[in-house]
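The values are calculated or read from the model by the stated rules, or taken from the named source; none is laboratory data. Quick caveat: nothing in here was measured; it's all calculated off a predicted structure. No Cβ is skipped: glycine too gets one built from the backbone with ideal geometry, and neighbour counts run over all protein chains shown. Keep in mind that these areas ignore ligands, DNA and RNA; they rest on the heavy atoms of the full protein, side chains included. Shrake-Rupley method; radii C 1.70, N 1.55, O 1.52, S 1.80 Å.
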Amino acid sequence: MSKRNLAISETRLVRTPTTNSKSKRDGEDITCVISWNVETPVPFLDLHHTVSSAGMSSYLEWDWPEFICLQEVRARPSDKDWMMAMCTAANGVSPLDRDGEMERREDGGLTYTAYWVLNVSRCRQRRYGVCTLVAHLWVKWFDGWELVNVYALNGSDFPWVDPRMEGDLLAKLLPQKTRNERKREFNMLLLEEIKKMRALGLRLVLIGDFNISLAKVDCYPCLRMQYPHALARKQFNEVFIPQAKVVDVYRAFYGSQKAYSWFAKGKPVGSDAARVDYALVDCQLIGEKGEGRVMGTGYGRKNVRTSDHGIVWLDMCGMNNLGLSEARAQE
């Protein structure tokens, strides 16, 4: 486990921000990935004062993580001012004012490039998407593994509307899928993409909001047992995880210890909660028979000002010198 400052409670493992430099194991740098479902139209941003913000600072205080994965980022591809503001908040200066792709800020922190994946709407509405901030040091080091920022569909009996078909009168005549059906379909589409990356010899690191609690211990007061939710959970546990050959890092490290990442709004924190955000990593990256690259994972405190989700962190070591898995490429 990482030697960073940890505080353990009954419900979650909390990683406390520290201003110390990155720890190392046998000379190998620790790589930190942080994930958060921000659930807000303008995460962290005041477009009039974008050099810093409390929300972005809550990330950067975590010893300058190399990767920041954000979900439920509502933006249109045309929202260039928002995107510029995100880069400014992360880097302390607008990319237009920065002299080249500097790898360090004046205060010693990392600088980042933002990668956006935004759903397109014909009606020009702001749809949920993801944004991944990658430290410039890693833009050239990425080799042998793949980081996937996941924001999976939340299931319900409401119809799922393909945003590409909005405004299409003929589309309304076609049978409609429910969000529960699309959720299961999405998970299988994601699995196919993972298999393609594995075939190239890449080790997979998935982190984000999967919108599925994997077991009874992951929910309080109770697990959703209605048929569509139980079916999605069964598919994920018995098909997705085994075929993707990934491991739930938190359970691998801490067994049945309770931890939650989602907290119902309007209720006392912890009275209605679930663990739906987590890290799933390639079996090869876990210890014992594997390479032992994963050092630890856990949950930060819920940000009560904005999202109903808490932060997930994942520490790994030696990720900058992996190379492709020859055994994997020959599978």
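With respect to the conditions (1) open to solvent by 50 Å² or more (accessible area, probe 1.4 Å); (2) assigned to a loop (DSSP other than H, G, I, E, B); (3) within 28 Å of Ile34 (Cβ to Cβ); (4) without any contact (Cβ under 8 Å) to a residue 24 or more places away in the chain, Asn154 falls short on a single one, namely (4).
Trp141 meets each of the listed conditions (1) closer than 30 Å to Ala244 by Cα; (2) modelled with pLDDT of 65 or more apart from (2). Filtering the stretch 234-261 to residues that are β-branched (Val, Ile, Thr) and closer than 23 Å to Asp308 by Cα leaves only Val249. When Val117 is tested against (1) open to solvent by 70 Å² or more (accessible area, probe 1.4 Å); (2) modelled with pLDDT of 80 or more; (3) touching a Phe, Trp or Tyr at 6+ places or on another chain (Cβ under 8 Å), only condition (3) is not met. Being acidic (Asp, Glu) and surrounded by 21 or more Cβ atoms within 10 Å (Cβ to Cβ) is the filter here, so list the residues in the stretch 177-210 that pass it. Across the stretch 177-210, the qualifying residue is only Asp209. Is it true that some residue in the stretch 223-244 is in contact with a strand residue (DSSP E or B) (Cβ under 6 Å, 6 or more places away or on another chain) and in contact (Cβ under 8 Å) with a residue 60 or more places away in the chain? Taking every residue of the stretch 223-244 in turn, none turns out to be in contact with a strand residue (DSSP E or B) (Cβ under 6 Å, 6 or more places away or on another chain) and in contact (Cβ under 8 Å) with a residue 60 or more places away in the chain.
Here are some conditions: (1) at pLDDT below 90; (2) surrounded by fewer than 17 Cβ atoms within 10 Å (Cβ to Cβ); (3) of a type in the set (S, T, N, Q). Gln257 meets all but one. Which one does it not meet? With respect to (1) at pLDDT below 90; (2) surrounded by fewer than 17 Cβ atoms within 10 Å (Cβ to Cβ); (3) of a type in the set (S, T, N, Q), Gln257 is out only on (1).
All conditions but one from (1) modelled with pLDDT of 80 or more; (2) on the phi < 0 side of the Ramachandran plot; (3) more than 18 Å from the chain's Cα centre (by Cα) apply to Ala152; the one that does not is (3).
Scanning the stretch 266-286 for residues that are open to solvent by 40 Å² or more (accessible area, probe 1.4 Å) and within 29 Å of Leu147 (Cβ to Cβ) yields Cys283, Gln284.
Selection of the stretch 183-204 for residues being of a type in the set (A, V, I, L, M, F, W, C), in a helix (DSSP H, G or I) and in contact with a strand residue (DSSP E or B) (Cβ under 8 Å, 6 or more places away or on another chain) yields Leu190, Ile194, Met197.
Are any residues in the stretch 211-254 touching a helix residue (DSSP H, G or I) at 6+ places or on another chain (Cβ under 8 Å), open to solvent by 40 Å² or more (accessible area, probe 1.4 Å) and charged (D, E, K, R), and if so, which ones? Passing the criteria: Arg224, Lys245. Scanning the stretch 41-81 for residues that are open to solvent by 30 Å² or more (accessible area, probe 1.4 Å) and at pLDDT 60 or above yields Trp64, Arg74, Arg76, Pro77, Ser78, Lys80, Asp81. Among the residues of the stretch 157-176, just one is open to solvent by 40 Å² or more (accessible area, probe 1.4 Å), among the acidic types (Asp, Glu) and modelled with pLDDT under 75, namely Asp168.
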